[in-house]
1. Does Ala25 meet the test of being in contact with a Lys or Arg (Cβ under 9 Å, 6 or more places away or on another chain) and either surrounded by 10 or more Cβ atoms within 10 Å (Cβ to Cβ) or modelled with pLDDT of 75 or more (or both)?
2. Answer with yes or no whether Arg96 is within 26 Å of Asp147 (Cα to Cα), surrounded by fewer than 15 Cβ atoms within 10 Å (Cβ to Cβ), at pLDDT below 75 and touching a helix residue (DSSP H, G or I) at 6+ places or on another chain (Cβ under 7 Å).
3. Inside the stretch 181-226, can you point out the residues that are of a type in the set (S, T, N, Q), farther than 25 Å from Ala162 by Cβ and in a strand (DSSP E or B)?
4. Among the residues of the stretch 49-65, write down those that are among the hydrophobic types (A, V, I, L, M, F, W, C) and in a loop (DSSP other than H, G, I, E, B).
5. Can you confirm whether the stretch 220-236 contains a residue that is touching a residue at least 40 places away in the same chain (Cβ under 8 Å), under 30 Å from Leu12 (Cβ atoms) and either surrounded by fewer than 16 Cβ atoms within 10 Å (Cβ to Cβ) or over 22 Å from the mean Cα position of the chain (by Cα) (or both)?
6. Being open to solvent by less than 10 Å² (accessible area, probe 1.4 Å) and in contact (Cβ under 8 Å) with a residue 40 or more places away in the chain is the filter here, so list the residues in the stretch 175-190 that pass it.
7. I'd like the residue in the stretch 29-48 that is part of a helix (DSSP H, G or I) and open to solvent by 50 Å² or more (accessible area, probe 1.4 Å) and, out of all such residues, is farthest from Asn216 (Cα to Cα).
Amino acid sequence: MKLDRLLAIVVLLINRGRVQAKDLADTFEVSVRTIYRDIDTLGQAGIPVVTYQGMSGGIGLAEGYRLDRNVLTDRDLASIVTALRSVSTSHTNVARELLMEKLSSIVPESKNDDFQAETNRFIVDYSMWTHPEALQNKLQIIEQGLDQLRSITFTYCSAEGAQTHRTVDPHTLVLKKHSWYLYAFCHERNEFRMFKLVRMQDVTLDHGSFERKPINLQDRPWQQEWATPGNTVAMTMRFHARVRHIAEEWFGIENVIPDGQGYYISQVAFPEDNWLYGFILGFGADAEVLEPLHIRDEIRRIAEQIVQNYAAPPQT
């Protein structure tokens, strides 16, 4: 375990530049004293660890230091293959398939059975149950734009049903909650936006090229924009015990609180749009919005319209 921790410390220092000893201790769940002993061990092994003093100090590596590619273990390779295979369930890619073959071929034949067992321990299947062809076509066009730094154009249908024509510079494909999104710089809005692929129509490559803008993807900027207080509405919802497990999946066990009367209360925040109304209605009669009143009124209006739709035999 110590050897694994030493290697992980080196990787963190390479990627982050400078790290506080306390942060390393918290990451590896050891004491600060243990971290400093690890640093001494790394120094004795010839790894150029540097300790910086002052308010902005910390632990780092000499500039330009890199690990040899042979440092990857069989388990590291198995983890990479597992991740690539999982992504491929939703997005096939010839280059990715070849990479998995290359990584598998590195493993010695004597360890092949163990390697295969390691890569088959679990798989995350992102594929759709039906009709994945349209999504595959969009992904392929967007990947071309990413590879060639070319803009793409498409017609976008918002959650409210409004259609607009967009030209964007594609930066990142995001798979979130079983749906693919494109994080791109929108020419029409002159800012970064998230676009859900299932709402994109007539996706084509544009003639224009672009330069990637500097963005810190580690901070997941789309998540920050989505959760901005000005973009969300705070709600109090009450759930029947029958759907308690569903509420816990969405909001976390700690945020689904019994009210002492057989129901459960959650304080949640979402952007207010047609998706939110549909999400609430998806719980049927087992959920109720207590606050704010305007959302409660809107859900009642939609429910009354649904009743009217089913009050008479269907028209053919």
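The values are calculated or read from the model by the stated rules, or taken from the named source; none is laboratory data. Here the structure is a predicted model, which is why all the values come from computation and not from measurement. Because the Cβ atoms are built from the backbone with ideal geometry, glycine has one as well, and the counts that use them run over all protein chains shown. Calculation scope for accessible area: heavy atoms of the full protein, side chains included, ligands and nucleic acids excluded. Shrake-Rupley method; radii C 1.70, N 1.55, O 1.52, S 1.80 Å.
1. Numbers: in contact with a Lys or Arg (Cβ under 9 Å, 6 or more places away or on another chain): yes; either surrounded by 10 or more Cβ atoms within 10 Å (Cβ to Cβ) or modelled with pLDDT of 75 or more (or both): yes.
Taking the combined requirement at face value, the residue satisfies it.
2. Values: within 26 Å of Asp147 (Cα to Cα): yes; surrounded by fewer than 15 Cβ atoms within 10 Å (Cβ to Cβ): yes; at pLDDT below 75: yes; touching a helix residue (DSSP H, G or I) at 6+ places or on another chain (Cβ under 7 Å): yes.
So Arg96 passes the test.
3. Looking only at the stretch 181-226, we keep the residues that are of a type in the set (S, T, N, Q), and these are 190, 201, 204, 209, 216, 218, 223-224.
Within this subset, residues satisfying the condition of being farther than 25 Å from Ala162 by Cβ are 209, 216, 218.
Scanning the stretch 181-226 gives a single hit, Ser209.
4. First, the residues of the stretch 49-65 that are among the hydrophobic types (A, V, I, L, M, F, W, C): 49-50, 55, 59, 61-62.
Of everything in the stretch 49-65, those that are among the hydrophobic types (A, V, I, L, M, F, W, C) and in a loop (DSSP other than H, G, I, E, B) turn out to be Met55, Ala62.
5. Yes: one or more hits.
6. Within the stretch 175-190, just Leu182 meets the criteria.
7. So in the stretch 29-48, the residues part of a helix (DSSP H, G or I) come out as 32-44.
From what is left, the residues that are open to solvent by 50 Å² or more (accessible area, probe 1.4 Å) are 32-33, 36-37, 40, 44.
Numbers: Val32: 29, Arg33: 32, Tyr36: 30, Arg37: 33, Asp40: 32, Gln44: 35 Å.
So the residue we want is Gln44.
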